[in-house]
Amino acid sequence: MLTLILKNENKIIMKRSHSTETYLALKRREYAEGEVVELILDKANQFVWVQVDEAIEPSLIYLTEKKWKFPIILDEKLRLAYSPKIFTGDRHYIRAWLPTENEIHSYRNLARNAHDQKDVTNTYPHAFANVETRNDSTFFARNAIDGILANEGHGAYPYQSWGINQNEDAKITIDFGREVEIDKLALVLRGDYPHDSFWTQISVVFSEGEEKTLETTNELNRQYFDFPFIKTTKITLKNLIKNEDESPFPALTQFEAYGREVSK
């Protein structure tokens, strides 16, 4: 059973349930500060498709708890990392539905989650980092798995990225929330040259301690790295070696991890 709720601190505004797919549709109603979308499942540790607004792509997420929340983002600073259309106007459509077995077990980018949130840790994939430039939403770690590839600019949408605030010890982790197996990575480095620099070498560490070194360039397109399947619950990028140039601003636009669920 899937139950979608739009609520605020005082009351439930709208609620709808269904066994496999559900939605909330609003007309002639603008969102207000403090409102939250809530999804309730009948059991934890399951996959579900979510889309809280037509301006954000659907995401196949893995929930380790029975309840998931996504606040209506009205704060102007937080909105900078999203399409300016998100949560605007007076007509809205929110939906959640269960995936097919083929969707769950197909070979895919397991890191992609446009609905990732900075401080939410029961929803996967989830990106977090030890540094984010000025605590600015346009440089949050979550931007690196939102599916947006635009990298010839920096700052607000569609050029949001993971920014490291010139920290040589910066590292970012993508947590899958369960064991998966990966055999390909893709990196899209931000390339707003000459404002930006880029990394020439990156260390990738898997959950069991296995480590690989990636040689990267100033290529604007995806840079792919293939290897035999590795089982892991998370991936960390660290030891980011910057190119020797005048710019102090390397950044990561997108991280992709291709693989599949571990058969049980």
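The values are calculated or read from the model by the stated rules, or taken from the named source; none is laboratory data. If you're wondering where the values come from, they're calculated on a predicted model, not measured in any experiment. Don't worry about glycine lacking a Cβ; one is built from the backbone with ideal geometry, like all the others, and counts go over all protein chains shown.
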Exercise for the section: Determine whether residue 48 is under 22 Å from residue 138 (Cα atoms), under 18 Å from the mean Cα position of the chain (by Cα) and modelled with pLDDT of 95 or more. Expected result: no
Exercise for the section: Check region 201-217 and report whether any residue there is touching a Gly at 6+ places or on another chain (Cβ under 8 Å) and not aliphatic (A, V, I, L, M). Expected result: no
Exercise for the section: Take region 72-84 and flag every residue that is touching a residue at least 40 places away in the same chain (Cβ under 8 Å) and either touching a Lys or Arg at 6+ places or on another chain (Cβ under 6 Å) or of a type outside the set (D, E, K, R) (or both). Expected result: 72, 74, 78, 80, 81, 82, 83, 84
Completion exercise
Exception for residue 22 within (1) crowded, with 18+ Cβ neighbours inside 10 Å; (2) among the polar types (S, T, N, Q); (3) part of a loop (DSSP other than H, G, I, E, B) falls at (3)
Practice task
Sort out which residues of region 131-152 are within 20 Å of residue 257 (Cα to Cα), more than 13 Å from the chain's Cα centre (by Cα) and of a type in the set (S, T, N, Q), and write them in order of number.
Solution key: 151
Problem - Sole exception among (1) charged (D, E, K, R); (2) without any contact (Cβ under 8 Å) to a residue 40 or more places away in the chain; (3) touching a strand residue (DSSP E or B) at 6+ places or on another chain (Cβ under 7 Å) for residue 244, by number - result: (3)
Exercise for the section: Could you check how many residues of region 130-141 are at pLDDT 95 or above and either part of a loop (DSSP other than H, G, I, E, B) or surrounded by fewer than 16 Cβ atoms within 10 Å (Cβ to Cβ) (or both)? Expected result: 5
Fill in the blank from the handout: Given (1) in contact with a strand residue (DSSP E or B) (Cβ under 6 Å, 6 or more places away or on another chain); (2) among the acidic types (Asp, Glu); (3) within 17 Å of residue 119 (Cα to Cα), residue 65 misses just (1)
Handout entry: Which listed residue is modelled with pLDDT of 95 or more, in a strand (DSSP E or B) and surrounded by 15 or more Cβ atoms within 10 Å (Cβ to Cβ), from 74, 60
Key = 60
Exercise for the section: Filter region 91-129 for residues that are part of a loop (DSSP other than H, G, I, E, B), farther than 29 Å from residue 14 by Cβ and in contact with an Asp or Glu (Cβ under 7 Å, 6 or more places away or on another chain) and give the result. Expected result: 111
Practice task
Go through region 153-208 and count every residue that is within 21 Å of the chain's Cα centre (by Cα), modelled with pLDDT of 95 or more, assigned to a loop (DSSP other than H, G, I, E, B) and of a type in the set (S, T, N, Q).
Solution key: 3
